[in-house]
Amino acid sequence: MTHALDELLLTRDWLLADGATGTTLFNMGLQSGDAPELWNEEHPDRIAALYQGAVDAGSDLFLTNSFGGTRARLKLHNAQDRAYELNKRAAEIGRDVADAAGRTVIVAGSMGPTGEIMAPMGPLTHEAAVEMFHEQAEGLRDGGADVLWVETISAPEEYAAAAQAAAMAGMPYCGTMSFDTAGRTMMGMTSAAMSEMVETLDHAPLAYGANCGVGASDLLRTVLGFRAAGSQRPIIAKGNAGIPKYVDGHIHYDGTPELMARYAVLARDSGATIIGGCCGTTPDHLRAMRQALEDTPRGAAPTLDQITEALGGFSSDSDGTDGLGPTRERTSRRRGRG
């Protein structure tokens, strides 16, 4: 069975995804500690503007405002019983924006981590995780999402639960993990291990890759790791716009549109097919990325030296595949999509 994203990938050798959700919503007035998903009902005009900003900047695909849309995350805001409807509304707004674009634009239903630790290290069972992701997936499906987009995952068990939930909802999905510590996820996964894992799933992703993490340089090193593992699936690269800095009480990312344009071209040349930004990435960054991808001929895969010369140094000497990175004996922390 082919899907809208499959069909678009058949006609293009790269697609531009969207940028940051959190950064944009904070600029619209979202306060720290608020649940962005509640804005799907309280401020649908602002969510439509979020999506429209990516479309106007040239994105072929944007993610819905549903990153924290599981019962576990919404429970922090006493909204756990509204999970289905909040996810459905996020996708409905996106469907309206995409359908009015005048070109093919993919609505990707964002599904972030539950924030809980999966068994056997923590209390969240596989069955409970599947149930939560399934509820979210059905809301996104019924709202009109073309594909589910599992993102910022650290544990393979949680990725597998989301994959099973997507299958139960009859939905294709893409899935990214966040590699933020010496080339590994918070739970110890390497790029090579992820490439192997996705091929073992009964319901495999249409595309897989990395998002968020430490910085653009580290993310591209991870993308090179996916390709070194021999994967033939489309690879996703959604790196942060530079490094976060705390300025005047707010988090700012120091990556300029020019830096993200260089990142986009290097991501494509490293082997990524779906290229976007994560925390700090604004429509201005996306416009520069689109222009660079259109204007710059495809080149050979960059060396690590070429990546650091263009984007800055790595956060660690290890890419995680040399045995020097951390193990799974780590603690959890909640993360969001910036």
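Over the chain, DSSP H runs of length four or greater, each weighted -39,500 (n - 2.57), average out per residue to a 222 nm ellipticity of -12500 deg cm²/dmol.
Ordering ARG12, ARG73, ARG95, ARG89 from the fewest to the most neighbouring beta carbons within 10 Å gives ARG12, ARG95, ARG89, ARG73. Along the stretch 34-50 the Karplus relation, 6.51 cos²θ - 1.76 cosθ + 1.60 evaluated at θ = phi - 60°, assigns HN-Hα couplings of 6, 8, x, 4, 5, 5, 4, 9, 7, 9, x, 5, 6, 5, 4, 5, 4 Hz to successive residues, with x for each Gly and Pro. Remark: the stretch 132-225 projects, on average over all directions, an area of 5.7 nm² (convex hull of Cα atoms). Normalised by the number of residues in the chain, the mean separation of alpha-carbon contacts (under 8 Å, six or more apart) gives a relative contact order of 19 percent.
Where does the charge balance sit around GLY183 when Lys and Arg score +1, Asp and Glu -1, over other residues with C-beta under 11 Å from its C-beta? So the surrounding residues net to -3. Taking every DSSP bridge with both residues inside the chain, close to 20 percent are antiparallel. Multiplying the residue separation of GLU294 and THR308 by 0.36 nm and subtracting their alpha-carbon distance yields 2.8 nm. For LYS88, the lysines whose Cα comes closer than 21 Å to its Cα, not counting residues fewer than 8 places off in the same chain, are LYS75.
Going through [x] 20.8, 68; [y] 19.0, 59; [z] 18.1, 51, the figure that equals Rg and Dmax of the Cα atoms in Å as computed for the structure here is [z]. Most simply put, the stretch 114-219 has about 20% antiparallel DSSP beta bridges, counting only bridges with both residues inside it.
Can you check what the net charge comes to around THR222, using other residues whose Cβ is under 12 Å from the Cβ of THR222 (Lys, Arg +1; Asp, Glu -1)?
My count for the surroundings of THR222 gives +1.
In this simple spin-label model, placing a label point 7 Å from the Cα along the Cα-to-Cβ direction at both ASN78 and ASN27 gives a separation of 3.3 nm. By the Cα gyration tensor, the stretch 1-89 has an equivalent ellipsoid whose semi-axes, rounded to whole angstrom, run 27, 17, 10 from largest to smallest. Near GLY139: Cβ cut-off under 10 Å, other residues only, Lys/Arg at +1 and Asp/Glu at -1. The net charge is -1. Close amide H partners of PHE179, meaning residues 5 or more places away or on another chain with modelled amide H under 5 Å apart, are ASN211, GLY213.
Each value in this text was obtained by applying a stated rule to the coordinates, not by laboratory testing. Given the structure is predicted, the values throughout are model-derived calculations rather than measurements. Because the Cβ atoms are built from the backbone with ideal geometry, glycine has one as well, and the counts that use them run over all protein chains shown.
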